[in-house]
1. Lys43: which aspartates and glutamates have alpha carbons under 14 Å from its alpha carbon, excluding same-chain residues fewer than 8 sequence positions away?
2. Starting from the amide H of Ala61, placed 1.01 Å from N in the peptide plane, find each other amide H under 5 Å away whose residue is 5 or more places distant or on another chain.
3. Which one of Thr58, Ser68, Gly84 has its Cα pushed farthest toward the positive end of the charge dipole of segment 46-107, where Lys and Arg give +1 and Asp and Glu give -1 at the Cβ?
4. Applying the Karplus parametrisation 6.51 cos²θ - 1.76 cosθ + 1.60 with θ = phi - 60° to the phi angles of segment 21-35, what ³J(HN,Hα) value in whole Hz is obtained for each residue in order, glycine and proline being reported as x?
5. Using the Karplus equation 6.51 cos²θ - 1.76 cosθ + 1.60 (θ = phi - 60°), what ³J(HN,Hα) coupling, rounded to whole Hz, does each residue of segment 72-88 give in order, writing x for Gly and Pro?
6. Specify the inter-centroid distance of segment 1-32 and segment 91-112, based on alpha-carbon positions, in whole Å.
7. Compute the signed sum of charges (Lys and Arg +1, Asp and Glu -1) over the other residues within less than 10 Å, Cβ to Cβ, of Ala113.
8. Using unit Cβ charges (K, R positive; D, E negative) and no other charged atoms, how large, in debye to the nearest 20, is the dipole of the chain about its Cα centre?
Amino acid sequence: QVQLEESGGGTVQAGGSLRLSCVASGNTNGANSMGWFRRAPGKAREALSCINGNGAFTQYAESVKGRSTVWRDNAKSTVNLETGSLDPEDTGVYYCAVSKETYCTNSWRTDIAFWGQGTQVTVSS
C-alpha cells in the first residue's frame, strides 16, 4: 500500500556531506515511525536512524551519531537523512523504511512494514 523512493545517493569524497531523501506514496498518514538502514559491502544491514510518527523524537546508531540528522515532513510524506564527515566506511546501499511501530522502540528496526528500493552511496578516499 505504500511505496518508498529514495534519492540523493551518489559518489562523494571523504569528509564531505550527503543528503538522502525518501518520499512515500500510497496509503500514508504519518502515524508510523520511519528510519534509514545501510548495507555496506560484506556487512550486515545496519539500522542508522529512526524518527517517530510526529517527528518529535529521533534516534541514531553509534556509527552515525553526531554526524547525521534525520527529519520528516508528513505534509509532503518525506523523510530525510543528512550525514557529514563521510568516510569510506559509509559506503553502501541506503534504504528508507516505514516501521509498523509508531515510536522508536527496540522493535522498530525489526517490525518493518515497507522498504524502499535503496540508493547507492559511495565515499571515495
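1. Answer for Lys43, where 14 Å is the Cα cut-off: Glu89, Asp90, listed by chain and number.
2. Here Ser49 satisfy the definition.
3. My answer, from the dipole projection, is Thr58.
4. 10, 9, 10, 9, 9, x, 7, 10, 9, x, 8, 9, 5, 10, x
5. With the stated coefficients, segment 72-88 comes to 9, 10, 5, 5, 9, 6, 10, 9, 10, 9, 10, 10, x, 6, 5, 9, x Hz.
6. Value for the Cα centre distance between the two parts: 13 Å.
7. Result for the neighbourhood of Ala113: -1.
8. Here the chain has a charge dipole of around 100 debye.
Taken together, the values in this text are just the output of simple stated rules run on the coordinates, not laboratory data. Note that the structure is a prediction, hence the values are computed from the model and not measured. Counting neighbours? That spans all protein chains shown, and the Cβs are built from the backbone with ideal geometry, glycine included.
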